[in-house]
Amino acid sequence: MRLRRFLGFIVLLVLILGNSSCRETPAPKLQKKPDFEIRRLTAASQIPKLNQPVAVLLLGSDSRSEDFGGRSDAIILAYINPATRRATLVSFPRDSRLAIPGRGVRKINDAMAFGGPQLAARAIESYSGIKINYYAAATFKGFIRMIDRLGGLQITIEKSINDRWAGAFLPAGAQRLHGGQVLAYSRARHIPGGD
């Protein structure tokens, strides 16, 4: 399970740090909605200098469409300190209950469904006391596209996975998985040791 969460963090972090399209104003409206999004949390956020820490909220939407109206079933707060070359990751279990601004105490994964990534970030900020500089959110389609853009992912699976609910049918051993397979792998929980 840690590997799956870390895998999601690495993919999103590569896009965050390698994406030059982070900006203070929303992107122009396109005919097709993007299936992943990286934004500064507020217009007042400044791009951090290389020696300043940055907090990034990573959200994996359960949305099968091209919007972020779904719940955030993967919630990771990444605190990255370039000066020490270290990152600290805190994963919030999706069924954790905490105060969501304007909604009362609810499951944390509901925040994104109520108010998008911005409300999820506000809830985590309020709970943790950590100012979040950026959020990165991806739908299922966006996750698949990110992995495919990276050329797939080389992974070693200890025991074969056969999870029909996740669509994960993967043999044991070292292998390169494409985006759809990595998504299925990351969602497999009806297996021994699963979520």
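For the range 102-114, how many residues meet the condition of being at negative phi and open to solvent by 40 Å² or more (accessible area, probe 1.4 Å)?
So the count comes out to 6.
Would you be able to tell me the number of residues in the range 108-162 that are more than 13 Å from the chain's Cα centre (by Cα) and either of a type in the set (Lys, Arg) or outside any helix (DSSP H, G or I) (or both)?
Total satisfying the criteria: 22.
Which pairs do you get when a residue that is closer than 16 Å to TYR79 by Cα and touching a residue at least 60 places away in the same chain (Cβ under 8 Å), found in the range 114-133, comes within reach of a residue that is open to solvent by 10 Å² or more (accessible area, probe 1.4 Å) and part of a helix (DSSP H, G or I), reach meaning Cβ atoms under 8 angstrom, with the pair 6+ apart or on two chains?
As it stands, the answer is LYS131/GLU125; ILE132/GLU125, since those pairs meet every condition given.
Only one of (1) over 30 Å from GLY180 (Cβ atoms); (2) at pLDDT below 85 is not met by ALA123, so which one is it?
In the conditions (1) over 30 Å from GLY180 (Cβ atoms); (2) at pLDDT below 85, ALA123 misses (2) alone.
What's the total number of residues in the range 115-166 that are aliphatic (A, V, I, L, M) and open to solvent by 20 Å² or more (accessible area, probe 1.4 Å)?
Within the range 115-166, residues that are aliphatic (A, V, I, L, M) and open to solvent by 20 Å² or more (accessible area, probe 1.4 Å) number 4.
Run TRP165 past the list (1) at positive phi; (2) assigned to a loop (DSSP other than H, G, I, E, B) and report the number of the one that doesn't hold.
Answer for TRP165: the failing condition is (1).
Where residues in the range 70-101 are in a loop (DSSP other than H, G, I, E, B), among the small types (Gly, Ala, Ser) and open to solvent by less than 50 Å² (accessible area, probe 1.4 Å), which of them is modelled with the lowest pLDDT?
GLY70
The values are calculated or read from the model by the stated rules, or taken from the named source; none is laboratory data. Note that this is a predicted model, so its numbers are computed, not measured. We place every Cβ from the backbone using ideal geometry, glycine too, and count neighbours over all the protein chains shown. SASA here: full protein model, heavy atoms, side chains in, ligands and nucleic acids out. Shrake-Rupley method; radii C 1.70, N 1.55, O 1.52, S 1.80 Å.
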